[in-house]
1. With θ set to phi - 60° and the Karplus curve 6.51 cos²θ - 1.76 cosθ + 1.60, what are the ³J(HN,Hα) couplings of the stretch 78-86 in order, to the nearest whole Hz, using x for Gly and Pro?
2. Give me the net charge of Ser245's neighbourhood, meaning all other residues with Cβ under 14 Å from the Cβ of Ser245; Lys, Arg count +1, Asp, Glu -1.
3. Pull up all non-local amide H partners of Lys4: gap of 5 or more, or a different chain, and H-to-H distance under 5 Å with H placed in the peptide plane.
4. Which pairs in the list Lys105/Lys265; Lys204/Lys244; Lys139/Lys265 are over 29 Å apart, alpha-carbon to alpha-carbon?
5. For the stretch 2-123, what does the relative contact order come out to in percent, with C-alpha contacts under 8 Å and a separation of six or more?
6. When a footprinting reagent is the concern and you count Cβ atoms within 10 Å, what order do His112, His20 take, fewest first?
7. Quick one: 3J(HN,Hα) in Hz for the stretch 5-21, Karplus 6.51/-1.76/1.60 with θ = phi - 60°, rounded, Gly and Pro as x.
8. Rounded, prolate or oblate, given the Cα gyration tensor of the stretch 2-123, with a/c below 1.5 counting as rounded?
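Just so it is clear, none of the values below were taken in a lab; they were calculated from the coordinates. Everything numeric here is computed off the predicted structure, so don't read it as measured data. No Cβ is skipped: glycine too gets one built from the backbone with ideal geometry, and neighbour counts run over all protein chains shown.
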Amino acid sequence: MDRKIIVDGVQITISSHGEHDYICLTDMVKAKDDDVRAADILKNWIRNRSTIEFLGIWETLYNPNFKVVEFDHFRKESGLPSFTMSVSNWVDTTNAIGIYSKIGKNGGTYAHKDIAYHFGMWFSPEFHLLVVKEFQRLKEDESLRNNLEWQDKRLLAKVAYRLHTDAVKDYRLPPLNLPKEKERFIYAQEADIINIAVFGCTAKEWEQNNPERVLKGENMRDSASVIQLVAVTAAEAVNKELIKSGILPEKRLEMLRQSAIENMKSLSGSPTVQQAERQLSNNKFDNADETTQKQLSAFKQSLAKTLEKPPK
């Protein structure tokens, strides 16, 4: 995803790769010089001995696949008048990840923000400080938006969850006539019916697969996409009515799984839902998927045993 910042009246493109931001060095040069000289300025910078050493240290710290032997060769040659270097040569030879060239729309040379800051100090300390200021403002704005979105997602999940648990309390628990201390197992089972239907796993399985997030106090609903949370809300609303109708848990699980699959497929095609294609690529919605069928089968067996004799 590309974003723009305006620095001294000039647009600077920011490109994201995973969790990292890369700043367009070509745009930075164009702010102070013309397009023709941009390539020459970048070549002069990257052939500089201090630049080669900085790039090598950065890659050594953050790139486990960095070719240190090749870097050492460049470092020794960089002091000679005959030494030449280009971004493509550096990347292809050392397997570097901190800088790259891009063609087409928003094309140019991009560098990780750490490296872009180094380039800015070499090229124009004054402009460098302006870039840092605007980039920090961009990240603060994004952090605020992300925090608001997280709060909205949490509120959405909480409202639907309350309706769901009320149905369990009013219609699911009375026929079972369980001791008060055993009722929590039924609530947990009903929650996992929704979890399997939408996420394809139980809460415990998610925790086992995401120990770092668990340490941060997160649960599977916190990390859910908007598509998944909408599907959760719909599943809880449907399950409420199914519980009232007296349909058995294992049958409800199958019905809710199929409904969730259809809902997420439908939502993924909506132009108003962000990151839909990514959601589809990260989840299998095939109802005949072998893993899903195994989970459904195992959950049914666990559910049956609990209903016969709730765990102590």
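1. 5, x, 7, x, 7, 6, 10, 7, 9
2. Around Ser245, the surrounding residues sum to +3.
3. Under 5 Å from the amide H of Lys4 lie the amide H atoms of Ile14, each far enough along the sequence or on another chain.
4. Beyond 29 Å between Cα atoms: Lys105/Lys265; Lys139/Lys265.
5. 28 percent
6. Ordered from fewest to most neighbouring Cβ atoms within 10 Å, His112, His20 come out as His20, His112.
7. Running phi through 6.51 cos²θ - 1.76 cosθ + 1.60 with θ = phi - 60° gives 10, 9, 10, 6, x, 10, 7, 10, 7, 10, 10, 9, 10, x, 9, 10, 9 Hz.
8. Numbers: a/c = 2.04, a/b = 1.38, b/c = 1.48.
Since a/c reaches 1.5 but b/c is at least a/b, the shape of the stretch 2-123 is classed as oblate.
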